[in-house]
Structures are given as C-alpha cells and as structure tokens.
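Structure record follows, encoded as structure tokens.
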Amino acid sequence: MCGISAYIGEKEAVPILLEGIKRLEYRGYDSCGVATIFEKELVCRKGAGKIKDVNSKLKLFELKGCVGIAQTRWATHGEPNDVNAHPHFSENKEIAIVHNGIIENASSLRKVLREKGYNFRSKTDSEVVAFLIEDLIKEGNSMGDAFMKALKLVEGAFAIVAINRKKPHKLYVAKQSSPLVLGIANDGLYVASDILPIQKYTRKVVYLQDGDVGILTKSNYSIRDLSNVDVNRDVNELNEEIEETSIGNFEHFMLKEIHEQPKTIHRAFRGRIDNDTAKFGGLNISEKELKRIKRIILVGCGTSWHACLVGGYLLEDIAKIPSQVEYASEFRYKKPVLKEDDLLVVLSQSGETADSIAAINEAKKKGVKTIGLVNSVGSSIARLVDGGIYLHAGQEIGVASTKTFTSHLAVLYLLSVYLGRLNGSLDSEKAKEMLNELEGIPGIVSEMLKDSSKIEEVASKYFEGNNALYLGRHYNFPIALEGALKLKEISYIHAEGYPAAEMKHGPIALIDENMPVVVIAPEGRLYSKILSNIEEVKSRRGKVIVITTNGLEDGFDEVIKIPKVSDYLMPLVSVIPVQLLSYYVAKKRGCDIDKPRNLAKSVTVE
Ligand code: G6P
C-alpha cells in the first residue's frame, strides 16, 4: 500500500508530486508528505490526514525545487500521525526517503543503530532506511554505495525513493516486491508506484524489477541489481488511453461506479463472443494445453475472492472442470499440492495485491500455468502471469469494489463457456443461448439502476443498526458474502455473510427482533430451500429483507425485487441491490464512502 511519487527534472516538482500522490490516494490516505531540495536545503512538510486537508493546513504546495519525493500512506508500523507520516529524514536531516512495503527486520536494525547512538523519531519501520544510509555514509561510502548497501541489509518488501541534500541532482530508487515505475520524459524523470501519475507526462515507462537499484538524474538513469551489476530494463510504450476519472454528477465515485456497470459489463464481453463460443486475445496458452487442464484453482483477495467463488461454481457447472477457490494469502503459505495439469486463475482489480502476486509465484515455481483476470493494464500481475483477460472496466476509484466485481463475473462466465466448448461439455446451441443471455445483461442492469427508491427506503429504516446478516445459497452465497463485506467496509456495521442453510450452525443464535437479515432468494433451483431458511429466521423474529425475483410473499418485512435471469447470471443481477443498500446505509450514517477508514484499494503488503 502507500503511494509514492517522485520527480527530478526541469519543472517545479511539487505540483507534479501532489497530483501524483492524489492519483495514488486509493493506495492509502491516512497521512502524506512531500520533501524537496531547494537552494541547498532539504525541506519537508508532512502530516496526518488526507492529501487535500494536509495540503490546505500545511501548504505543501508552497515547497519549491526541481527534485522531490512524496508519499500517501497506509499505516503498517506506527499509527497514522504527523511524525509517522513520510518522508522520513536520516538523523542528521541530510537524507529523506519515502517507502512502500514492510521492512521486516526493522526492529533488529534499529537496535543496532540505537547502540551506535542514533535516536529515532518515528515508530515506523521505514525510517531505519534513512538512518542506515546516513550511518553507511559516515563509514566512508558515497551516497550511491550507501544506498545500495543499506538495501542489502533490509529484509522484506520495499519500493523506496531517497534524496540527499548534498546530491541535489540525483534521485535514488529501489524495488523489492512492491511496485515502482519510472517515466522517461524530455523534461525529466518521473517515479511512481504505478503508471497513473506518470501517463500524463510521458508514454515511455520502465517497470523496475525486484532487486533493482537505480540512480536518476534529470536526463539519465542507471540501474543495478543488488550485487552491483548493471542491468538493462526495457522501455515500454504505454498504448492505452488516459482514463477519464471525473466524478461527473454523482455524489460519490462508488455510486458512479455502480451506475457504470451496464457499460462495464458490456466492455467485459465486447469483441469476445464468437458465435457459439468465446475468444480471448491474450490467453497465451494453447488449446491443446487448455484441454489437458484437470483442475482450476481460483485465487484472489477481498471482493475478487468473492468473484472467485462464483467462478468456481461456473467452471464446474458449465465447463465441468473441478475447481477450487483459495484466499491468495492462505494459498501462498499452505504448501499447496500442485500438478502440471492444474491451471491457476488469479483475479485482481488492481493487479498489485501482494498475496495474489505471491500465489502466482508459488504456482509458477511448480510449473503451473497462470491466467490473470485483471483490471489495471500493465500492473504487476498483468505482467507476471502467462496469459490474461483484461476487464476493461476503467479505473475504479471507490475503495469498495463494485464495477470490477461484475466485470470479473462476466469474464468468468465467458471463460467457462469457452472451456466448456473446448472440452465438449457444452453443446453449441446451449452456448449460443448462454452468450445471448449475457448480451442482455447490461440492459437489464441499466433498468434496475433507474429506480433505487425501495433500496433507499430500506436503508433509511435500518441504517442505525449495529449488525446484519446476509444469506444466500449456491450462486448467491458469494453475493451474501459480498453484501456483508460492502456493508462492513463503508458503513462500519458488523455484518456476516453465510450460506443460508449453514445459518443453523451458529449465526441463528444471534437472531432476534433487532437483527436485519438480508436474504438473496431469487427463484431458481434452490428457491423452495431458501424459503425454508427464511422461515427459520422469521420464527426467531429476525427482520427479513428479501431480494427476490418473485412477487411479494406474505410476511417478509421488506422485498426488493430483481429481474429473473438464469442461475448462472443471477449474481450479476443480485449483487446490484446489495451494493446500493450498503451505499445508502453508509450515506445515511455520514461515512466517508469513497475512502473508508483503515482501508486501501491496493494492498501491496502481505
Ligand atoms: C482491498 C480492496 C478490496 C479488494 C481487495 C483485493 O482489500 O479494498 O476492494 O477487493 O483489496 O484487491 P484486488 O486489487 O486484488 O482485486
């Protein structure tokens, strides 16, 4: 997490840096700061809070200089306060650094430095890097050598940019596990955690690799690995268009993104339907290899993990391929038994989630092919996997994922149809019918979004509660999980999602007249079963909010109607009301919907 932006060149650095960290605020927003070198002075302003507030309070924009570093933080070590905000100085205030990642051996390094007489100011793991550099310089090393040697001493994940007051024409950069990109422009060199802050200034970028340590001047750069050997990195040309990220007439990005779904679902399948099958440009795995696949493992985190759950059902149901779903964070450490005829499918909006990257590396080590279903073009996961399918949903700004969830579902549906056709489990007529139905989904969602008055009314009745339970079965069980997650994330109401029948094994003890229970119960294969589960809730006086395709059944407290579609595609439809419900509840509670407390959109630490 944390977003880094840095610049060295001919222009004033601070406007570039502030805009840069603003574009990266989705990575964390608990504090921020900027440091520049101006007239032989190293100056820094930083503080707790979101960029807009810190900037107006501390007037970051006043700093001058053509070289500088900035960071927007998501706290790992040390609470989010003014002192722990980045940049961090060395003890002698000659060096400033910004860091993204976790220095895992920070406490032992601090101990050694304390014994040498150094006094730390902050509680962060990051500060130790600036102190180490200072100490190594005192031992007689040049800044470049000290930077390199310091990085050899630290363990963990880092993207680091440093400046030294005595070297005002240089920026020092390093990457290990956390992303860092260089942008090469005529006026200077840009550095950032991803391409978003850079793409406006240049189309030429270099993605640093793990172990890269670079020294940048305004017109040049050199990169070495940690054994001090020069390395060459490709200069990539950015082809994609610069994305529109304005909020338009919406009050929040989350609401805007919910309303974008007819368009984004369409973009997920546009150009990918080929008569009775699907086609993908970038799978990079031959049909012969795909036919050999005996098992698919889907991994992801957060909302992407919920999409994996739907994907697991789709792949087994449609393509008849055994599928299992894993949290990326568990998969990476559980010593998974993997075989060469497995396929790892990784789902990620950002393409930067540290645990998902580690899961891919684990699979690759064991010779397993990997496919990424990713939204962010050119992201770490997009570059790491053997092949991929982009979501093309456009940048998602609201921290709580919405549109990329439905894009993931649409792509997983296409992938299931494609694999089903390939291995013969799906006949041509059925495939055509299924693809045809997918083409109708954007229109259906668009109609649903025209009137959210019932959902707003439900939100007004229940927004003051402290708990909620979400229930669903089969394809709608992941939607129950997603509904509960959305509510937790943005309204801070404790909510749990459960398979409806599993409720009897625990959560039923929580049900009384104060417990709203949102049941996703569309007509379909398990409709009568879930009606029985609803009775179990009603018998305990729980408040039942039913999301269903059916007419009003007697005795429900609230009914939110949704259109009828096939079971396979129902999650694309049934998720819309749970997204909106969480949005309107959070709005009634006055929460910061697009930037909920403690969360970040891109989780680049494990
Ligand atoms: C964070 C975000 C979630 C997201 C998850 C996985 O927790 O707040 O919205 O679902 O990371 O992120 P990814 O980018 O891999 O989909």
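Structural remarks
- Single condition LYS529 does not satisfy, out of (1) at pLDDT below 90; (2) surrounded by fewer than 16 Cβ atoms within 10 Å (Cβ to Cβ); (3) more than 30 Å from ALA431 (Cα to Cα): (3)
- All conditions but one from (1) in contact with a strand residue (DSSP E or B) (Cβ under 6 Å, 6 or more places away or on another chain); (2) over 24 Å from GLN176 (Cβ atoms); (3) surrounded by fewer than 24 Cβ atoms within 10 Å (Cβ to Cβ) apply to LEU347; the one that does not is (3).
- LEU412 being within 16 Å of the ligand (Cβ to nearest atom), at pLDDT 95 or above and open to solvent by less than 20 Å² (accessible area, probe 1.4 Å): yes
- Candidates are the residues of segment 420-438 that are assigned to a helix (DSSP H, G or I) and polar (S, T, N, Q); the one that is nearest to ALA410 (Cα to Cα) is ASN436.
- Those residues of segment 70-95 which are open to solvent by less than 10 Å² (accessible area, probe 1.4 Å) and in contact with a helix residue (DSSP H, G or I) (Cβ under 7 Å, 6 or more places away or on another chain), in sequence order: ALA70, GLN71, THR72, HIS88, SER90, ILE95
- Residue in segment 97-110 that is at pLDDT 95 or above, in the same structural domain as LEU171 (by TED's automatic domain parsing), in a loop (DSSP other than H, G, I, E, B) and surrounded by fewer than 17 Cβ atoms within 10 Å (Cβ to Cβ) present: yes
- Taken together, TYR584, TYR568 contain a single residue that is at pLDDT 95 or above, among the hydroxyl-bearing types (Ser, Thr, Tyr) and closer than 17 Å to GLY483 by Cα, which is TYR584.
- Across segment 568-592, the qualifying residues are those that are buried (at least 23 other Cβ atoms within 10 Å of the Cβ) and within 15 Å of the ligand (Cβ to nearest atom), and the one among them that is farthest from PRO262 (Cα to Cα) is ALA586.
- Qualifying residue in segment 527-550 (condition: part of a helix (DSSP H, G or I), farther than 16 Å from LEU469 by Cα, assigned by TED's automatic domain parsing to the domain that holds LEU469 and among the basic types (Lys, Arg)): yes
- From ILE265, ILE273, ILE293, ILE318, residue being closer than 13 Å to ASP342 by Cβ and crowded, with 18+ Cβ neighbours inside 10 Å: ILE293
- Residue within segment 494-502 that is open to solvent by less than 10 Å² (accessible area, probe 1.4 Å), within 24 Å of the chain's Cα centre (by Cα) and closer than 30 Å to LYS403 by Cβ present: yes
Rundown of residues vs (1) in a strand (DSSP E or B); (2) among the polar types (S, T, N, Q); (3) touching a helix residue (DSSP H, G or I) at 6+ places or on another chain (Cβ under 8 Å), yes/no style:
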| residue | (1), (2), (3) |
| --- | --- |
| ASN476 | no, yes, yes |
| LEU481 | no, no, yes |
| ASN514 | no, yes, no |
| VAL518 | yes, no, yes |
| GLY524 | no, no, yes |
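- Only one of GLU362, GLU396 that is under 13 Å from the mean Cα position of the chain (by Cα), modelled with pLDDT under 95 and more than 20 Å from VAL206 (Cα to Cα): GLU396
- For segment 144-157, a residue qualifies if it is over 32 Å from the mean Cα position of the chain (by Cα) and surrounded by 23 or more Cβ atoms within 10 Å (Cβ to Cβ), and exactly one does: ALA146.
- Residue within segment 495-509 that is within 16 Å of the ligand (Cβ to nearest atom) and within 14 Å of LEU469 (Cα to Cα) present: yes
- Being closer than 27 Å to GLY49 by Cβ and either crowded, with 22+ Cβ neighbours inside 10 Å or of a type outside the set (Ser, Thr, Tyr) (or both) is a description that does not apply to ASN141.
- None of ASN284, ASN239 is in contact (Cβ under 8 Å) with a residue 60 or more places away in the chain, surrounded by fewer than 19 Cβ atoms within 10 Å (Cβ to Cβ) and not charged (D, E, K, R) except ASN284.
- All positions within segment 118-138 that are acidic (Asp, Glu) and open to solvent by less than 10 Å² (accessible area, probe 1.4 Å): ASP125, GLU127, GLU134
- Among the residues of segment 357-370, those identified as out of contact with any Phe, Trp or Tyr (no Cβ under 9 Å at 6 or more places or on another chain) and crowded, with 18+ Cβ neighbours inside 10 Å are ILE357, ILE360, VAL368, LYS369, THR370.
- Cβ-Cβ distances below 9 Å connect the following pairs, each with a first residue in segment 14-26 that is modelled with pLDDT of 95 or more, a second residue that is of a type in the set (Phe, Trp, Tyr) and open to solvent by 10 Å² or more (accessible area, probe 1.4 Å), and a separation of six or more residues or different chains: VAL14/PHE61; PRO15/PHE61; ILE16/TYR201; LEU18/PHE61.
- Filtered by the rule that a residue be more than 17 Å from SER356 (Cβ to Cβ) and open to solvent by 10 Å² or more (accessible area, probe 1.4 Å), segment 296-315 gives a lone residue, TYR313.
- Flag set for SER460, criterion: touching a Lys or Arg at 6+ places or on another chain (Cβ under 9 Å) and loosely packed, with under 15 Cβ neighbours inside 10 Å.
The values are calculated or read from the model by the stated rules, or taken from the named source; none is laboratory data. For clarity, every value in this text was computed on a predicted model and none was experimentally measured. Don't worry about glycine lacking a Cβ; one is built from the backbone with ideal geometry, like all the others, and counts go over all protein chains shown. Side chains included, ligands, DNA and RNA excluded: accessible areas come from the protein's heavy atoms. Shrake-Rupley method; radii C 1.70, N 1.55, O 1.52, S 1.80 Å.
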